[in-house]
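In what follows, a structure is listed as structure tokens, so that the remarks can point back to it.
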Amino acid sequence: MRSQRIVILDGPNLNKIGVREPHIYGTTSLSEWIEELKRQFPNITLEHRQSNHEGVLIDWLQELEQEQVTGIVLNAGAYTHTSIALSDAVRSIQTPVIEVHISNIAAREAYRHHSYLSPVVAGTISGLGLYGYHLAVLALLNQSSTQ
């Protein structure tokens, strides 16, 4: 059995979690939460990457498919609602992807209600705060154990 490796990809402005709109996103920084996730899942390799650039996220998705990772947790931020290119990139890979949103996008502004990613990912977790990342990792591990 190969070792489990899950990569978390975060899109634009997620590097500002902890200081950006704390009433929506909380006060824990994403880097603090990633370190906590690593403590919660000591037997798997968890990696984190963040970019404010759409093309970089697409390049990473394609690269990770070649590396045959267990799965990808993707919080594409605002690109969720705008990027057909990112949707096409997810659709083009075989690696399972779980879409995560810290806030409940269905309860926010109308333009956030549509996701170009939801139709092409294995699942979507929304509105559960940073705990959504934990649930996405569990879902990918569960999916991997049933294959």
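The values are calculated or read from the model by the stated rules, or taken from the named source; none is laboratory data. Just so we're clear, the structure is a prediction, and the values are computed from it rather than from any experiment. Cβ: placed from backbone, ideal geometry, glycine included. Neighbour counts: every protein chain shown. Accessible surface is based on the protein model in full, side chains and every heavy atom, while ligands, DNA and RNA are left aside. Shrake-Rupley method; radii C 1.70, N 1.55, O 1.52, S 1.80 Å.
Here are some notes:
- Computed over the stretch 100-147, Kirkwood Rh from alpha-carbon pairs, angstrom: 11.6 Å
- Across LEU135, LEU14, the residue with the most accessible area heads the list, and the full order at a 1.4 Å probe is LEU135, LEU14.
- Accessible surface computed residue by residue for the stretch 5-144, with neighbouring protein chains in place and a 1.4 Å probe, gives 46 Å² per residue.
- The stretch 5-144 - percent of accessible surface contributed by carbon and sulfur, probe 1.4 Å: 49 percent
- Under a 5 Å amide H cut-off, with hydrogens placed 1.01 Å from N, GLY18 pairs with nothing among residues at least 5 apart or on other chains.
- Residue among GLN40, GLY11, TYR111 farthest towards the positive dipole end of the chain, charges placed on Cβ: GLN40
- Principal axis dimensions, the chain - Cα atoms, whole angstrom, descending: 43, 33, 25
- Our coupling estimate for the stretch 37-43, obtained by passing each phi through the Karplus curve with A = 6.51, B = -1.76, C = 1.60 and θ = phi - 60°, is 4, 4, 5, 6, 10, x, 9 Hz, Gly and Pro reported as x.
- Taking all protein chains as they are arranged and a probe of 1.4 Å, the heavy atoms of TYR111 leave approximately 140 Å² accessible to solvent.
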